[in-house]
Amino acid sequence: MARNALDAAAPIRVPLYRTIADAIIRDIRRGRHLEGERLPASRDLARALEVNRATVHQALQLLKGEGWIETNKGGGTRVARRSSAFPVLGPAPAWDRIASSLLTRILSEPPVTEPVSVPYDLSRLAPDERDFPAAAFAALLADVARDGSLLAYGSPFGYRPLRETLAERLVKRGIPADPDALLIVNGAQQGLDLITRALVDPGDPVVVETPSYAGALSLFRAHRARLVGVPLDGAGLALAAFERALLEKPKFAYTIPDFQNPTGLLFSPARRAEIVERAAAAGVLLVEDAFDADLLVEGALPQPLAALAPAHVVHLGTISKALFPGVRVGWISGPKEFVHRLAALKRVGELTSPPVLQAALNLFLVRGDYDRHLAKMRGRLKHRLALAHRTLVNRFPIGTRVERPSGGYVLWAELPPGVSGRALAAAAREKGVLLSAGAEFLADQSDVPAIRISVARGSASDLEKALEIAGAAARDLARQAARRQKSPAREVREAAQAAEAALIQI
């Protein structure tokens, strides 16, 4: 018995010729070898696979016996016209031919890649994994998973107790939130997608900040919105430009008034009131993205736009940026009729969001774990923002302008004239530092002398070292730009010489 049990537990060794045969079968099924197509000679196959020619012969005999290939005298080996083992499939679909116009537009955007492994990452707005309260959250998740009702389908609106908890938190910020007018979504990005799908047809105008969140711009372009850019000044959206944009009758205006991405700007209370007043007068909906409103490190946070005009503002929030990016829980709060329409749209594509995850998050909030986590995060974040600002001022070339934000993860550095943001991002990457070129945050993606720095990841020493490396690269580019620029005296001298030469020729 023991011997039999041992034999049963031993791994089954697949002969090499069988492995080779199976690989050829997969290629035939996928259309890489078509019916009637001649296969490479056994000698060539053996050389390509670096195996004995006799092993290839065994594989081919097996394929012939199973009906996958046929041999003709003097004609070599070909894929069988009709396999007795399995129908021979034709070529794979031509994806470019059958792709929707939406997919084609999305693929035209810069490719989405996995995070690159480099020593220093100043590009991502995701908290460092070492800061995660993973153990505390895992314990809550294990507790709620014992409730079988949470393993069934839930409401498309989301877990009711979590909606009630989030509504209470929003009320404390002055937003008259209602659990029945609050929709749980898989992060703020899904919420923004739902809003855009619900409102925007191709060619419809949408007002955006200049610069603005790159993910939102990509999303709007994918839906073929016509982007109407409004620049920022020191207090928020520039009012004159905003008023002109409202004349376009946009479907909505997208804004990030709390630690704006990518500039880190906190809109002033007065400017918030003016933005709401003008949008309401024009009958234009405001979509307020408060993705990092919890990350205030000093001063006071002004009232949200949704607190100033609840009937005219849809408020987006998320837990991902301050807690775990992998916990995809965000919310939409706004006029009840509109939120219910979004829930119907969400139901079509997703049915519901995970109740177990939402139940654990609700306990994390109710028990105070989230607020305690925020207190620790804010202390570290305040130090990182001050360190990054100081290093940028001291290590980047003269003429660099940067403001120290009062919260959030990002600083926006305007570089000296002639220094390309894209060139600096490329040069820094070569030296092991990832940062974001300013072009990523513009509707037309044109290159500008600016970069965005994220302080979300790494230690304080890593942050300082990374900015020193990036600063050295920026100084090199600034010197190159200065050499390219002619001095005024030289230009005058060359103009005079040219004029003198022209007179001599006359």
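Quick check, is Arg347 among the charged types (D, E, K, R), closer than 26 Å to Phe137 by Cα and modelled with pLDDT under 90? It is false that Arg347 is among the charged types (D, E, K, R), closer than 26 Å to Phe137 by Cα and modelled with pLDDT under 90. Among the residues of the stretch 222-240, those identified as more than 18 Å from Asn261 (Cα to Cα) and crowded, with 17+ Cβ neighbours inside 10 Å are Ala222, His223, Ala225. If we keep just the residues of the stretch 231-265 that are in contact with a Lys or Arg (Cβ under 8 Å, 6 or more places away or on another chain) and among the aliphatic types (A, V, I, L, M), which is nearest to Val455 (Cα to Cα)? The qualifying residue nearest to Val455 (Cα to Cα) is Ala235. Within the stretch 107-121, the set of residues being of a type in the set (A, V, I, L, M) and either outside any helix (DSSP H, G or I) or modelled with pLDDT of 75 or more (or both) comprises Val112, Val116, Val118. Counting only residues that are out of contact with any helix residue (DSSP H, G or I) (no Cβ under 8 Å at 6 or more places or on another chain) and outside any strand (DSSP E or B), which one in the stretch 443-465 is farthest from Asp128 (Cα to Cα)? Only one residue fits best here, namely Asp444.
Total residues in the stretch 232-289 satisfying the condition of being part of a strand (DSSP E or B) and either over 20 Å from the mean Cα position of the chain (by Cα) or outside the structural domain of Val208 (by TED's automatic domain parsing) (or both): the figure is 8.
For the stretch 211-223, check the following and say yes or no: at least one residue is farther than 26 Å from Ser101 by Cα, assigned by TED's automatic domain parsing to the domain that holds Leu162 and either modelled with pLDDT of 95 or more or not small (Gly, Ala, Ser) (or both). Yes; the residues of the stretch 211-223 include at least one that is farther than 26 Å from Ser101 by Cα, assigned by TED's automatic domain parsing to the domain that holds Leu162 and either modelled with pLDDT of 95 or more or not small (Gly, Ala, Ser) (or both).
Only one of the numbered conditions (1) free of Cβ contacts under 8 Å to residues at least 60 places away in the same chain; (2) crowded, with 18+ Cβ neighbours inside 10 Å; (3) more than 18 Å from Pro133 (Cβ to Cβ) is not met by Tyr370, and that is (3). Taking each residue of the stretch 38-53 that is touching a residue at least 40 places away in the same chain (Cβ under 8 Å) and looking for partners that are exposed (fewer than 15 other Cβ atoms within 10 Å of the Cβ) with beta-carbon atoms closer than 7 Å, six or more apart or interchain, yields Arg38/Gly76. Screening Gln505, Gln497 for residues that are more than 28 Å from the chain's Cα centre (by Cα), surrounded by 10 or more Cβ atoms within 10 Å (Cβ to Cβ) and either more than 17 Å from Glu414 (Cα to Cα) or modelled with pLDDT of 95 or more (or both) leaves exactly one candidate, Gln497.
Conditions tested, residue by residue: (1) touching a residue at least 24 places away in the same chain (Cβ under 8 Å); (2) surrounded by fewer than 20 Cβ atoms within 10 Å (Cβ to Cβ).
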position	(1), (2)
Lys346	yes, no
Gly349	no, yes
Thr352	yes, yes
Ala360	yes, no
Leu385	yes, no
Arg401	no, yes
Pro405	yes, no
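The residues of the stretch 336-355 that are over 25 Å from the mean Cα position of the chain (by Cα) and farther than 14 Å from Arg197 by Cβ, listed by number, are Lys336, Glu337, His340.
None of Ser268, Ser333, Ser320 is of a type in the set (S, T, N, Q) and surrounded by 24 or more Cβ atoms within 10 Å (Cβ to Cβ) except Ser333.
One line per residue, one yes/no per condition, for (1) touching a helix residue (DSSP H, G or I) at 6+ places or on another chain (Cβ under 7 Å); (2) in the same structural domain as Leu295 (by TED's automatic domain parsing); (3) at pLDDT below 95:
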residue	(1), (2), (3)
Arg146	no, yes, yes
Leu150	yes, yes, yes
Leu170	no, yes, no
Val185	yes, yes, yes
Ala198	yes, yes, yes
Val208	yes, yes, no
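Taken over the stretch 227-260, residues that are in contact with a helix residue (DSSP H, G or I) (Cβ under 9 Å, 6 or more places away or on another chain) and either at positive phi or of a type in the set (Lys, Arg) (or both) amount to 4. Right, Gly191: of a type in the set (Gly, Ala, Ser), surrounded by fewer than 18 Cβ atoms within 10 Å (Cβ to Cβ) and either closer than 17 Å to Leu305 by Cβ or outside the structural domain of Ala307 (by TED's automatic domain parsing) (or both) or not? No; evaluated as a whole, the condition is false for this residue.
Tell me, which residue of the stretch 387-399 that is within 21 Å of Ser454 (Cβ to Cβ) and of a type in the set (A, V, I, L, M, F, W, C) is surrounded by the fewest Cβ atoms within 10 Å (Cβ to Cβ)? The residue in question is Val393. Within the stretch 467-480, residues that are assigned by TED's automatic domain parsing to the domain that holds Ile451 and among the acidic types (Asp, Glu) reach partners that are in a helix (DSSP H, G or I) and surrounded by 17 or more Cβ atoms within 10 Å (Cβ to Cβ) with beta carbons closer than 8 Å, at six or more positions or on different chains, in the pairs Glu468/Thr391; Glu468/Arg395; Asp476/Ala427. Inspect all residues belonging to the stretch 93-106 and state whether any of them is modelled with pLDDT of 75 or more, exposed (fewer than 11 other Cβ atoms within 10 Å of the Cβ) and closer than 30 Å to Leu219 by Cβ. The answer is yes; a qualifying residue exists.
The values are calculated or read from the model by the stated rules, or taken from the named source; none is laboratory data. Owing to the predicted nature of the structure, the values given are computational and were not obtained by experimental measurement. A quick note on method: Cβ atoms are made from the backbone with ideal geometry, for glycine too, and the neighbour counts reach across all protein chains shown.
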